[in-house]
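Visitor: Pasting in a structure now, in structure tokens, and then I'll have a few things to ask.
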Amino acid sequence: MTRPTSAASPGRKPRQNENGIATHQRIVEAALDVLATRGWRNASVAEVAERAGVTRGAVQHHFKDRDGLFTASVRHIMDTRIRDIEEYQHTVTPGPTGTRDIVHKIVDLHQGPTFKAALQLCIAASDDPVLAPRVAAMELEVGARGFWALIEMLGLDGNNPTVRTTVQAFLDSARGLGLAGMLNDDSRRRGNVADRWAQMLDELR
């Protein structure tokens with residue numbers, strides 16, 4: 001009697017899929033690194049393959065062309081930044097008692113590797129006419145979704161002009177603190193600034 005092979009196949013396919021997903025992720029992250037350091041015009045598929053530790057054929061297996069590869073890398077970082085904010089959003093309860101924790105978390109989200117990569121991408125895009133509109137659109141979407149997520153977390157009225165201006169000013173400040181954190185360890189000053197922002201945001205209620 002022939003032994004059925006269906007039981008063996010499910011055991012192999014997940015490993016193959018996992019390897020494919022891991023390779024895809026590695027290629028996208030390498031493309032992001034190349035894009036941020038080399039700019040859209042100078043970034044090459046060959047360099048992405050080298051940094052990802054794969055062959056050019058592997059890159060071409062996952063992405064049909066160069067533009068598709070680098071567009072996917074921009075989308076990846078946007079999705080990561082939005083996911084970080086929205087995942088945190090679902091863990092908090094709106095109200096004044098949690099304002100300090102929320103403010104410190106938003107500030108911390110501007111300190112990690114994802115923010116640093118996004119900032120590098122903005123710098124690369126600043127003098128690249130092809131990359132600039134793509135990154136600008138990414139920043140606009142991330143900013144808008146982050147703004148409304150914060151409004152909801154804090155339980156504020158997003159239609160109030162004073163609320164809107166103040167919340168946006170806080171988010172701009174968080175970005176500035178993120179930039180300062182790339183240059184030196186200013187965690188103490190950053191904490192004091194975040195505490196003051198929590199007080200001001202509480203006053204909006």
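Visitor: Could you quote the convex hull projected area for the chain, Cα atoms only and averaged over all directions, in nm²?
Guide: With the hull built on Cα positions only, its mean projection is 16.1 nm².
Visitor: Where does the chain land at 222 nm, in deg cm²/dmol rounded to the nearest 500, when only DSSP H runs of n ≥ 4 count, each adding -39500 (n - 2.57), divided by all residues?
Guide: Details: 9 runs with 161 residues, N = 205.
Taken over the chain, the calculation gives -26500 deg cm²/dmol.
Visitor: Each residue of the range 65-80 in turn: what ³J(HN,Hα) in whole Hz from Karplus with 6.51, -1.76, 1.60 and θ = phi - 60°, glycine and Pro shown as x?
Guide: Result, ordered by residue: 7, 4, 4, x, 5, 6, 5, 5, 5, 5, 5, 4, 5, 5, 4, 5 Hz.
Quick note: the coordinates plus some simple rules give every number you see, no bench work behind them. Quantities reported herein were computed from a predicted structural model and do not represent experimental measurements.
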